[in-house]
Amino acid sequence: MKRREFIKLLGGALVPGGAARAAASPATRIAVVHPSERVEDMTANGRRTFQALFGELARRGYVERQTVIIERYSGEGRAENFADVAQRVITAKPDLIISMHDALTNQMKRLTASIPIVSISADPITLGVVSNIARPSSNVTGVSIDAGFEIFGKRFQLL
């Protein structure tokens, strides 16, 4: 699934009847990849990050085991596992990947150019996740905690 198709799918859930359309479509498969969190703890009752993720998906009509299939992967806190985890995720061919670590994102980015990856990143430019914040020019998009100096100009533009 291309990034724009996925955005349309998510956006459709925002308009009246969108949740019903999401429910009527075949289940979307989302891979959630974390560097250290235990797979069994990646739930709507887990950490606030996961509570927010699953809560927002549900609010938009994506209910686990009904309209969306969530596949969870963990690096188990060991960087030496990241390549194997990335390979397993890509082999599973999910519709979307949510990656919560730069190194994992880079591993998966090297393995696919077709599966959209939403990354939670510290500084995606410095860490090689994207080459440009405004136009990532790849299958990776997402949120950055500290996107370096480039983001300050964007923030001033918004003001």
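The values are calculated or read from the model by the stated rules, or taken from the named source; none is laboratory data. This structure is a prediction, so every number in the text was calculated from the model and none was measured. Calculation scope for accessible area: heavy atoms of the full protein, side chains included, ligands and nucleic acids excluded. Shrake-Rupley method; radii C 1.70, N 1.55, O 1.52, S 1.80 Å.
Okay, here's what the table says:
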{"quantity": "Glu80 accessible area, assembled protein chains, probe 1.4 Å, Å²", "calculated": "130"}
{"quantity": "Accessible area (Å², 1.4 Å probe, nearest 10) - Thr49", "calculated": "70"}
{"quantity": "The stretch 31-41 - phi-based ³J(HN,Hα) in whole Hz, Karplus 6.51/-1.76/1.60, Gly and Pro as x", "calculated": "9, 10, 10, 10, x, 9, 4, 5, 3, 5, 9"}
{"quantity": "Which of Arg78, Arg65, Arg47, Arg110 is most accessible, then next, and so on - probe 1.4 Å", "calculated": "Arg65, Arg110, Arg47, Arg78"}
{"quantity": "Amide proton proximity set for Val63, modelled H, under 5 Å, gap of 5+", "calculated": "Val68"}
